[in-house]
Amino acid sequence: MKMHTRVGIVGAGPAGLVLSHLLHLEGIESIVLESHTREYVESRVRAGVLEQGTVDLLNAAGVGDRMRREGLGHGGIELRFNRRGHRIDFRDLTGGRTITVYGQQELVKDLIQARLDAGGQVLFEASDASIHGLETTTPQIRFCKDGEQNEIDCDFIGGCDGFHGVCRPSVPEGVLKVYERNYPFGWLGILASAAPSSDELIYANHERGFALQSMRSPSITRLYLQCPPDEDIAQWPDERIWEELQLRLAGDEGFHLNEGPIFQKGVTGMRSYVVEPMQYRRMFLAGDAAHIVPPTGAKGMNLAIADVRILSKALAAYYAAGDDTKLNQYSATCLRRVWRAQHFSWWMTSMLHHFEADGEFDYRRQLAELDYVTSSRAAATSLAENYVGFPIE
Ligand SMILES: Cc1cc2nc3c(=O)[nH]c(=O)nc-3n(C[C@H](O)[C@H](O)[C@H](O)COP(=O)(O)OP(=O)(O)OC[C@H]3O[C@@H](n4cnc5c(N)ncnc54)[C@H](O)[C@@H]3O)c2cc1C
């Protein structure tokens, strides 16, 4: 089948779905292609921390009702080291800005529903997508659905297909420059049916390695342990996970880490990655398709949503008056924010993780930095304003 749309979007993750929704609000038609089933993308557990600017954007776009009801507002985080907790008070340090904990899969559910309610096209189980005609003014996306070959002619393509997608590799060789760092560890993450042990996230630097206490709801805890990047999850029966979490998150007298049945676990590697520019001709890369951050700064989903907000405004200016100034500035505008988040995510990762190659000196240096960040208002403010995020342009 042959189709035409203004913006063909590959990927129904946060980037692709928010882009399609924002374009709809601007009166611009789009089609979203997703290789997986709706059930799969709606149950994929990933990020969960929304910056203030992301929450404001989703509310203003009319997709924040359930997030407002079910999301957990947090006014700070705790940094734990030498078995003592130190709170970073976001509200106080940033003039009232906060974060909201709301699972990525819940946001994806809300966005898919909003697109379908508005008559939008989200084509699930669209396999073998490929990009063509990037040198022309009507690039095409070809894909297979229900055994049939399809082709969409587009004015523009939104490459929102994550790190392993097809859009970025479709750019001719030599155009994109890659900046990359791989870390010598990963995160073993679990979801457990247990009430969170604290109202806010706890980031722990322990001599055995990093640990994080997070949550998804008042009855579900999300916990992470630093581990080797290629760790075999089979080596981690539930008892071992709880034992290690108890050791690394041990804290002030009175702190008790709640345990409960683990219903999901997995290991994720950690990397920092950026391609420049985030555009080739009429194809624009957004979210994980263009950049990856280690999750310590909780920036991945927020960056994806900021990218497509900038892209939707640029496309709106183009369709309203033929003005392509903002489209031409898209990459540079996004990359400024991306590199800020890259630095913050790298800094949080470096301060909180145990690096095998480091010695006692480096551990002492980390502790000195944590002591500074939790005792100097200037240093704490820097962490807080980065964590709650900067307003989206
Ligand atoms: C395993 C994992 C765990 C994570 N955990 C955290 C965390 O704890 N905290 C945190 O802050 N961040 C986390 N992140 C990062 C965060 O989830 C991402 O930054 C965020 O999902 C980016 O959104 P996106 O829309 O750009 O990409 P994605 O969410 O990856 O969406 C891309 C979509 O494109 C689809 N797609 C890919 N290829 C094709 C194709 N050829 N054709 C059609 N569709 C295609 C994919 O199926 C997917 O639905 C995690 C990421 C991963 C991968």
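The values are calculated or read from the model by the stated rules, or taken from the named source; none is laboratory data. This one's a predicted model, so the numbers in the text were calculated from it and none came from an experiment. Cβ atoms come from the backbone with ideal geometry, glycine included; neighbour counts cover every protein chain shown.
Of note:
- Residue within segment 166-177 that is buried (at least 21 other Cβ atoms within 10 Å of the Cβ) and basic (Lys, Arg) present: yes
- Against the list (1) over 20 Å from the mean Cα position of the chain (by Cα); (2) surrounded by 15 or more Cβ atoms within 10 Å (Cβ to Cβ), the condition ASN386 fails is (1).
- Residue in segment 272-291 that is within 16 Å of the ligand (Cβ to nearest atom) and among the polar types (S, T, N, Q) present: yes
- Summed over segment 159-185, the residues that are near the ligand (Cβ under 10 Å from one of its atoms) and either part of a strand (DSSP E or B) or among the aliphatic types (A, V, I, L, M) (or both) give a count of 2.
- One residue from ARG240, ARG216, ARG222 being outside any loop (DSSP other than H, G, I, E, B) and within 19 Å of HIS354 (Cβ to Cβ): ARG240
- Out of ASP288, ASP323, one residue alone is modelled with pLDDT of 95 or more and in a loop (DSSP other than H, G, I, E, B). It is ASP323.
- Listed by position, the helices (runs of 4 or more DSSP H) contained in segment 1-119 that have at least 1 residues being small (Gly, Ala, Ser), closer than 28 Å to PHE263 by Cα and within 16 Å of the ligand (Cβ to nearest atom) are 14-25.
- Filtered residue count, segment 190-213, keeping only those that are assigned to a strand (DSSP E or B) and out of contact with any Ser or Thr (no Cβ under 9 Å at 6 or more places or on another chain): 3
- Boolean, PHE263 is more than 26 Å from the chain's Cα centre (by Cα) and either part of a helix (DSSP H, G or I) or hydrophobic (A, V, I, L, M, F, W, C) (or both): no
- Candidate set from segment 245-271 (those that are within 11 Å of the ligand (Cβ to nearest atom) and hydrophobic (A, V, I, L, M, F, W, C)); member that is nearest to THR136 (Cα to Cα): MET270
- Among (1) surrounded by fewer than 20 Cβ atoms within 10 Å (Cβ to Cβ); (2) in contact with a strand residue (DSSP E or B) (Cβ under 9 Å, 6 or more places away or on another chain); (3) not aliphatic (A, V, I, L, M), the one test that HIS353 misses: (1)
- In the set ILE152, ILE157, only one residue is closer than 18 Å to VAL18 by Cβ, crowded, with 19+ Cβ neighbours inside 10 Å and at pLDDT 95 or above; that residue is ILE157.
- Hey, PRO228 more than 14 Å from the ligand (Cβ to nearest atom), surrounded by fewer than 16 Cβ atoms within 10 Å (Cβ to Cβ) and farther than 22 Å from PHE185 by Cα or not: no
- Taking the numbered list (1) within 30 Å of PHE284 (Cα to Cα); (2) part of a strand (DSSP E or B) in turn, GLU135 passes all entries but (2).
- Residue match in segment 83-92 (condition: out of contact with any helix residue (DSSP H, G or I) (no Cβ under 6 Å at 6 or more places or on another chain), farther than 30 Å from ALA317 by Cα and among the aromatic types (Phe, Trp, Tyr)): no
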